[in-house]
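Undergrad: First, the structure itself, so that you have it in front of you.
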Amino acid sequence: MHWRAVGHAYTDRKMAGKRAALKAIDWLAFAERVPPNQRAMFNNLKTRSDAIGAKLSSLPEKPVTIDWSFYKTNVARAGMVAEFESKFSALTIPEPKDTATAAINTQEAEANKAAVAYVEASKARIGQYEKELEKFQNMIPFDQMTIDDLNDTFPETKLDKEKHPYWPHKPIAEL
C-alpha cells in the first residue's frame, strides 16, 4: 500500500467520524416545498445525497492502523520506511473552518421573522376580506338596487353634483 493512498484514506475516515455532527435533512418537509417543475432536480439532489451518505456510513470511524514493522522488514531500502513513518505521524490535515453557518443562521432568523410578519399581516388581511365578504353576502342583489342603495353600499360611486355640476360629475383627473 502506498503511503499517499494511506494518507488519503486517513482523511476520508477522519471526515467519516464527523458525520454525527451534521444536521439531518427532513426530506419529506423539503419535498412539500419543491415546485412541480423542479421535482427532477430535487430527486437528483436526494439521490446524490443518499449516495454520499451511504459511502460515508460504509467507512469505519477510525482509520486502519499501518503495520510499520511489517514494512521495515520487507522493504529493502534502509531508512525509507522510517522516513515515511515520521512524515506520516507528522502529517496534519487541516479541517476547513466553518465560515457560512453563522451567516446561514442569521439569514434563517431573518427569514423566520419575515415569515411571522407575513403571517400576521395575512391574518389582518383575512379579517378585512371577511368583513368585505360579509358586506357582499348581506347586500341587496344588484337587480333590486336603487341608485341610493348603490351609493350607500359603494360610496365611491356617489356623484358630487354640487361640487361638479356638469356631467360626468367627477373631476377630469379621475376619468
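The values are calculated or read from the model by the stated rules, or taken from the named source; none is laboratory data. In this text, all values refer to a predicted model and were calculated from it rather than measured experimentally. Glycine gets a Cβ as well: all are built from the backbone with ideal geometry, and neighbour counts include every protein chain shown. Ligands, DNA and RNA are excluded from the accessible area calculation, which covers all protein heavy atoms including side chains. Shrake-Rupley method; radii C 1.70, N 1.55, O 1.52, S 1.80 Å.
Undergrad: On the given criteria, is D149 open to solvent by less than 80 Å² (accessible area, probe 1.4 Å), among the charged types (D, E, K, R) and over 30 Å from L28 (Cα atoms)?
TA: Criteria met by D149.
Undergrad: Looking at this structure, is K131 open to solvent by 90 Å² or more (accessible area, probe 1.4 Å), over 30 Å from F30 (Cβ atoms) and in contact (Cβ under 8 Å) with a residue 12 or more places away in the chain?
TA: No; evaluated as a whole, the condition is false for this residue.
Undergrad: Also, quick follow-up: Identify all residues within the range 152-173 that are open to solvent by 70 Å² or more (accessible area, probe 1.4 Å), under 24 Å from F136 (Cβ atoms) and in a helix (DSSP H, G or I); write none if there are none.
TA: If the condition is that a residue be open to solvent by 70 Å² or more (accessible area, probe 1.4 Å), under 24 Å from F136 (Cβ atoms) and in a helix (DSSP H, G or I), then D152, P155, E156 are the ones that fit.
Undergrad: Residues to consider are A121, A117, A100; find the one that is within 37 Å of the chain's Cα centre (by Cα) and under 30 Å from F154 (Cα atoms).
TA: A121
Undergrad: Check whether at least one residue in the range 110-130 is among the aromatic types (F, W, Y), assigned to a helix (DSSP H, G or I) and out of contact with any Phe, Trp or Tyr (no Cβ under 9 Å at 6 or more places or on another chain), and report yes or no.
TA: Yes, the range 110-130 has at least one match.
Undergrad: Going through the range 86-102 one residue at a time, which ones are in contact with a helix residue (DSSP H, G or I) (Cβ under 9 Å, 6 or more places away or on another chain) and more than 30 Å from K72 (Cβ to Cβ)?
TA: E95, the sole residue that qualifies.
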